[in-house]
Each structure stands twice: as C-alpha cells, then as structure tokens.
1. Name the one entry in V420, V352, V376 that is in a strand (DSSP E or B) and free of Cβ contacts under 8 Å to residues at least 40 places away in the same chain.
2. Determine the pairs where a residue that is more than 17 Å from G156 (Cα to Cα) and in contact (Cβ under 8 Å) with a residue 12 or more places away in the chain, located within region 94-111, has a partner that is in a helix (DSSP H, G or I) and among the basic types (K, R) with Cβ atoms under 7 Å apart, the partner being 6 or more residues away or on another chain.
3. With respect to P413, determine if the residue is part of a loop (DSSP other than H, G, I, E, B), touching a residue at least 24 places away in the same chain (Cβ under 8 Å) and within 16 Å of ligand 2 (Cβ to nearest atom).
4. What residue, among those in region 16-51 that are part of a helix (DSSP H, G or I) and in contact with a strand residue (DSSP E or B) (Cβ under 6 Å, 6 or more places away or on another chain), is surrounded by the fewest Cβ atoms within 10 Å (Cβ to Cβ)?
5. Out of the residues in region 335-344 that are over 9 Å from D381 (Cα atoms) and buried (at least 20 other Cβ atoms within 10 Å of the Cβ), state the one that is farthest from ligand 1 (Cβ to nearest atom).
6. Are any residues in region 356-371 under 10 Å from V340 (Cβ atoms) and part of a strand (DSSP E or B), and if so, which ones?
7. Within region 278-334, take every residue that is small (G, A, S) and within 16 Å of ligand 1 (Cβ to nearest atom) and give me the one that is farthest from D381 (Cα to Cα).
8. Please verify whether I384 is more than 16 Å from ligand 1 (Cβ to nearest atom) and touching a residue at least 60 places away in the same chain (Cβ under 8 Å), treating the condition exactly as stated.
Amino acid sequence: MHEHDSVLSVTAPTSGVKGTVQVPGDKSISHRALILAALSEGTSTITGLSRGEDPTSTRGALSRFGVEFVDQPDGAVLVHGGLRHEPVDVLDCGNAGTGIRLLSGVCAGYPGLSVLTGDQYLRRRPMDRVAEPLRLMGARVDARDGGRLAPLVIRGGGLSGITYELPKASAQVKSCLLLAGLSATGPTTVIEPHPTRAHTEEMLLAAGARIEVEGTAVTVHPGPLAPTDHAVPGDPSQAAFWAVAAALAGEIELPNLYLGFGRADFLGILRRMGADVQVEESTGSVRVASAPLRGVEITGADVPGIVDEIPVLAIAAAGAEGTTVISGADELRVKESDRVTSTVAMLNAFGVRAEERPDGMVIHGQGDAAFSPAQVDSAGDHRIAMAAAVAAVARAGGQSTISGWGSVATSYPGFVEDLVEVSGATVNLDP
Ligand SMILES: O=C(O)C1=C[C@@H](OP(=O)(O)O)[C@@H](O)[C@H](O)C1
Ligand SMILES: C=C(OP(=O)(O)O)C(=O)O
C-alpha cells in the first residue's frame, strides 16, 4: 500500500460548483456487508460496494480465512462465505479503523490465532477500546504498547456473552462486540452513552440474527447468519463534501444516499447554518444550494451523528458569518489524524482564524470574504484532504496544493474526477 504522499494542485475557477454527483457506496455498510457475507455459510451478493482501499483491505483480510470473493462483470461481488480455517497470514487492515475493530470481533469469535495490523496511521490509533471488552468475553488479546496499539494478536473462541457499557460512543466498538457475540455462549448486550449508527444491528437482523434493541442497549444472541443480498447505498459522509461546496457556492444534487439513523445529521447542521437543503427520503436524494451561512454551536450530543463530517463542516463554518464552537469532540483526536489539530491547521492555512480546544475548536467565520489559496498537509487523512479541496474550489481563488492526497483512495478513489466535473477546476496530481 502506498504511503499517501502525492500532491494535488487545484486551481479554482470563480464559478462555484454545479451538477449531480453519485458518490461511492457507503464505506461503513461496505465493511459490514463483506463481514456478514463472510460469516454466513452460502453465497451472498453485494452490489454498490465501495471500491475504496479501506473495504478492500477488509475483503483481503477475510480472504485469509478462506472466504472467496468473485467480481462479476456488472460490478457486483459474489461472496462464498464461511470461515474455513484460521487466517493463513497477518490481516492487514490498511488505514481502516472500522476494518480492524470489526474484524477483531470476528477473530475473537473464531477458534484460532489471528494477527491484525495496519498502516502507520492505524498503528497509532487506540485498540484497547476493543481489546478490553473482548478479554472480558474470554478472548486472549495482546497488543503492542501494553495492549493498546496494533499489531493485535487474538486467540479466539470459547467466548461468553457480557453486558458492556461503552465508556465512549463508538459504533465500531459496539459492532466489534456484537460480531463477537454471534459465537459466544449466551447473549451479549452493549449499552451506548449516545446512540450511534445502527448498521451492524440492522444488517445482522436482516441476516437472521436475533437482535433486541431497547433504548440505547443492543443485545445479540448467538447463532448462525444466513447469506443475504446487500445493496450498498451512496455514502452520506462523502456526499457531505459536495453538500458543503454547494452550501458555500453553487448547487448540487446527490442521489441514492443512505439517510438512515446517525448518518445524515450533517444536513441538519447545514440547515441550522442557513443552507438551502432539500431531502427526498424515499429515494435518498438530497439537493443543496448556497445561501448566506451563519455560525452554530455543536456540542457532544451532536458529535456521534457528524463524527466524520466535522472537517468539512468546519469549512462551511469558515465561510459563515459569526463564530462556530465545537465541543465534546475529543474523539476526533484519535481518527486517521488528530482531526482537531489537522482541521484547525487546514483552516489557518486558508487564512481562516480558528483555535483548538482540548475537546473541539472555535472557528471565526469570515462571511463572504474569500479564503487565501493554501498549502495544506492532509496529515495522511482522507477527510482533511477532501475538505481542503472543497475549500479550494468553493472559496479560495488561485492555486492551492494539498499534500498527502493519496489518502483519498482509502474512501473515495474517484473524488478528483467528480471535483473537476462539478467545479471545472484545473487539477494536477504529482505522484
Ligand atoms: O462504525 C463505523 O463504520 C464507523 C464509526 C465511527 O467511528 P467510531 O466508532 O470510532 O466513532 C466513524 O468515525 C467511522 O468512520 C466509521
Ligand atoms: C474515521 C474514519 O474511518 P475509520 O475509523 O474506519 O478509519 C473515517 O472514514 O473518517
């Protein structure tokens, strides 16, 4: 896997953005579709799968268990599921936090030895959040740095169900424990401090698992999964880049998005800022058009629903009138980069005044005033890179450069093509 060090130069026209973008298949749902299909005995079909490097790493990891994936000419993927043997090699999860944490649950449930690792960014992210509860279920889990960092070594099997209160809201940790719970003795209950995206419990239910949801408690009962056909809808967190570009300068249509629980809250934030947002729930279509924006307050209860969209929402805040204060967002510090630091550094590079706080940031919006063209370092983080590209085409005249552009391939390999299509920007990619 590359080290994500290419440089994108973007020279923005002054006409803003216009058009329709079909964003890639949802990354969260793609990881889960691959995992659930792999866990069921029989053949599942996945359509609309994200071709980003993150889900592709999950697919590669599952193939180490003997799961077969067959690409069809029409883009669908057939999955001949069933974990046939312990993984024959290290599971390289690449850049994907979702991949390594969900797969840890799978490995804990499988009676064999698994080693999970990832790239330099993933190896800095906390894994004790899954290691500790998996140990409580009876898995033997060891990891670097006193059990905190990947590589992780898991000796799975023989699990007992537990009731576990998550110390922090995390759909990844919830999902890890629910997946492990499929092969435990007795039920496993996960209690969340704030509700998070519900893909795992919804998709497990569709695959025949016994799932109970009561308030913020989700319980899974052990049992086999049935092969299922998964149609992956468009990724709302990728649509957020175009929604912010449109809110600042233009108009964009975004068809076929997942707008279910915990994923579309950025649209509510953009509305609160004053953007013109139209949603057609039945088709998952969203249309966003520019309007004068104003600063908003974002607090801890908002964060799980917009956790991945904050870097690009910060660009909207930078182009708004007034101050935006984001608090309760300390989880941003343990993503692909420290997104409090990298988002503030990106804003400052564009000439926008913004300061870090321990659990968030303060952004001094500059209303209609243009941003300065910038040299931005993505810090190896796809969302920082794409948010910077949005700032460049929506508000910064002249040429901006974004280093570490290669990280975008983890989630949105076709981003540059879509950027050129809707903005008419002149781009140059220096590998
Ligand atoms: O479950 C998921 O698919 C995800 C959960 C979130 O992470 P946390 O669970 O760490 O909050 C999110 O940031 C990530 O991009 C995808
Ligand atoms: C945090 C993200 O992903 P992950 O945790 O899967 O690396 C993301 O896509 O913004």
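1. Values: V420 fails: in a strand (DSSP E or B); V352 fails: in a strand (DSSP E or B).
Every option except V376 fails the conditions.
2. Listed by first residue and then by second, the contacts come to nothing, as the list is empty.
3. Working: part of a loop (DSSP other than H, G, I, E, B): yes; touching a residue at least 24 places away in the same chain (Cβ under 8 Å): yes; within 16 Å of ligand 2 (Cβ to nearest atom): yes.
It is true that P413 is part of a loop (DSSP other than H, G, I, E, B), touching a residue at least 24 places away in the same chain (Cβ under 8 Å) and within 16 Å of ligand 2 (Cβ to nearest atom).
4. A38
5. V344
6. Here is the first cut: in region 356-371, the ones under 10 Å from V340 (Cβ atoms) are 356-361.
E356, R357, G360, M361 - these are the residues of region 356-371 that are under 10 Å from V340 (Cβ atoms) and part of a strand (DSSP E or B).
7. Of the residues in region 278-334, the ones small (G, A, S) are 282, 284-285, 289-291, 295, 300-301, 305, 314, 316-320, 322, 327-329.
This time we only want the ones that are within 16 Å of ligand 1 (Cβ to nearest atom), so: 300-301, 305, 314, 328-329.
On the way: G300: 22, A301: 24, G305: 20, A314: 15, G328: 21, A329: 17 Å.
So the residue we want is A301.
8. Numbers: more than 16 Å from ligand 1 (Cβ to nearest atom): no; touching a residue at least 60 places away in the same chain (Cβ under 8 Å): yes.
Here the answer is no, as I384 does not meet what is asked.
The values are calculated or read from the model by the stated rules, or taken from the named source; none is laboratory data. Being a predicted model, the structure only gives us computed values, none of them experimental. Cβ sites come from the backbone with ideal geometry, for glycine too, and all protein chains shown count toward neighbours.
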